[in-house]
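Enquirer: Submitted below is the structure of interest, expressed as structure tokens.
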Amino acid sequence: MALTAAEMEPWQKAEVTEVWEPTPEIVTVDKNNIPSDATVLFDGTSLNQWQSAKEGEAKWLLKDGAMTVVAGTGDIKTKATFCDAQLHVEWKMPTQITNEKGELLTGQGRNNSGVFLQQRYEIQILDSYNNKTYANGQAGAVYKQHIPLVNATKAPGEWQSYDIIFTAPVFDAAGKLKSKAKMTALHNGVLVQNHVEIQGVTEWIGAPTYSAHGCDSIRLQDHGNPVSFRNIWIREL
Ligand code: MG
């Protein structure tokens, strides 16, 4: 017969609120801090898991364990598609911050790229080190939607990281939005987006809106600047 609360010893009362199942899966990290259950999307040796966002092969430059935007070759995207995910991306700005005429690159023109979750929702990549632009368009911004909490940008030439936790939007069978996408992001280990609600597909002009879609690729932006990437991995949630 079950004991009444009054008859229980403290340890018996404590047991009432213990939950033993399910047991979390064991995940280890390797010397590069890559979790054992992650899918590596780019390890510096090939562009095999990427393709042009339009069509054909990814034509970015593969060199010295990194891939670098080749201006005009277009965005690239993963061949695989993803929904809810934890994504790690490392990126580096060129040290060249002047154009061919020797003029300083400023604002959005200072080495722009971006990571698009599901090809639609951009977290901005920009050289925001001593470079003023609109706050909802600087590095770490959910572009034109959420200003980063802080500016954690490192100097050009230094490797930087994004750790992104993305919750995909949910649509019902009729294509009506049931819940908006959410994003948490750390820039160089510093929280810049704290579970923000994404208002719709990233737009340069005008208000964002949603239209129904399924799981989709991670897309990296060719904004005409030689931004480099390395060590990209994802954990599907
Ligand atoms: Mg961009």
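The values are calculated or read from the model by the stated rules, or taken from the named source; none is laboratory data. Please read these numbers as outputs of a predicted model, since none were measured by experiment. Every residue, glycine as well, gets a Cβ built from its backbone with ideal geometry; the counts of neighbours run over all protein chains shown. Accessible surface areas use protein heavy atoms only, side chains included; no ligands, DNA or RNA. Shrake-Rupley method; radii C 1.70, N 1.55, O 1.52, S 1.80 Å.
Enquirer: Read phi for every residue in the range 24-35 and hand back ³J(HN,Hα) as whole Hz from Karplus 6.51 cos²θ - 1.76 cosθ + 1.60, θ = phi - 60°, with x for Gly and Pro.
Expert: Residue by residue, the range 24-35 yields x, 4, 7, 10, 10, 10, 8, 5, 9, 6, 8, x Hz.
Enquirer: Read phi for every residue in the range 85-101 and hand back ³J(HN,Hα) as whole Hz from Karplus 6.51 cos²θ - 1.76 cosθ + 1.60, θ = phi - 60°, with x for Gly and Pro.
Expert: Running phi through 6.51 cos²θ - 1.76 cosθ + 1.60 with θ = phi - 60° gives 7, 10, 10, 10, 9, 10, 9, 9, 8, x, 7, 6, 10, 10, 8, 5, 8 Hz.
Enquirer: Related question: Nearest 0.05, what FRET efficiency do Lys101 and Glu203 give at R0 = 35 Å with Cβ-Cβ as r?
Expert: Efficiency, rounded to the nearest 0.05: 0.65.
Enquirer: OK, next. Hey, got a sec? Which GluC sites (Glu not before Pro) in the range 59-103 land in a DSSP loop and have at most 10 other Cβ atoms within 10 Å?
Expert: Those satisfying the criteria are Glu100, Glu103.
Enquirer: Further question: With a cut-off of at most 13 other beta carbons within 10 Å, and DSSP calling the residue loop, which trypsin sites (Lys or Arg not before Pro) in the range 172-237 qualify? Please list them.
Expert: Hits after loop and neighbour filter: Lys176.
Enquirer: Between the DSSP loop rule and a limit of at most 11 other Cβ atoms within 10 Å, which chymotrypsin sites (Phe, Trp or Tyr not before Pro) in the range 1-76 are left?
Expert: Trp20
Enquirer: Could you compute the FRET efficiency for Glu21 and Ala80, with r as their C-beta to C-beta distance and R0 at 41 Å, rounded to 0.05?
Expert: Between Glu21 and Ala80 the formula returns 0.85.
Enquirer: Hey, another quick one. What is the range 25-236 by shape, rounded, prolate or oblate, if you read a ≥ b ≥ c off the alpha carbon gyration tensor as root eigenvalues and call it rounded for a/c under 1.5, prolate for a/b larger than b/c, and oblate otherwise?
Expert: Judged from the Cα gyration tensor, the range 25-236 comes out rounded (a/c under 1.5).
Enquirer: Sticking with this structure for a sec: Whole number in Å², please: accessible area per residue of the chain, 1.4 Å probe, ligands, DNA and RNA not counted.
Expert: 54
Enquirer: Can you give me the relative contact order of the range 25-236 as a percent, contacts being Cα pairs under 8 Å and 6 or more apart?
Expert: That works out to 30 percent.
Enquirer: Continuing with this model, one more query. Sorted by mean Cβ packing within 10 Å, highest first, what order do the peptides 21-33, 197-209 take?
Expert: Highest mean packing first, the order is 197-209, 21-33.
Enquirer: What number, rounded to the nearest 500 deg cm²/dmol, is the helix-based mean residue ellipticity at 222 nm of the chain, given -39500 (n - 2.57) per DSSP H run of at least four residues and division by all its residues?
Expert: It comes out at -500 deg cm²/dmol, rounded to the nearest 500.
Enquirer: Moving on. Rounded if a/c is under 1.5, else prolate if a/b is larger than b/c, else oblate: which is the range 36-149, with a ≥ b ≥ c the root eigenvalues of its Cα gyration tensor?
Expert: oblate
Enquirer: Roughly how many percent of the accessible protein surface of the chain is carbon and sulfur, given a 1.4 Å probe and a whole-percent answer?
Expert: On the chain, the fraction of accessible area on carbon and sulfur atoms equals 53 percent.
Enquirer: Could you calculate the FRET efficiency of Gln12 with Leu237 from 1/(1 + (r/R0)^6), where r is the beta carbon distance between them and R0 is 41 Å, rounded to 0.05?
Expert: 0.70
Enquirer: Expected output is a single nm value to one decimal: the length gained when fully extending between Ser36 and Thr4, i.e. 0.36 nm times separation in residues minus the C-alpha distance. What is it?
Expert: Between Ser36 and Thr4, full extension yields 7.0 nm more.
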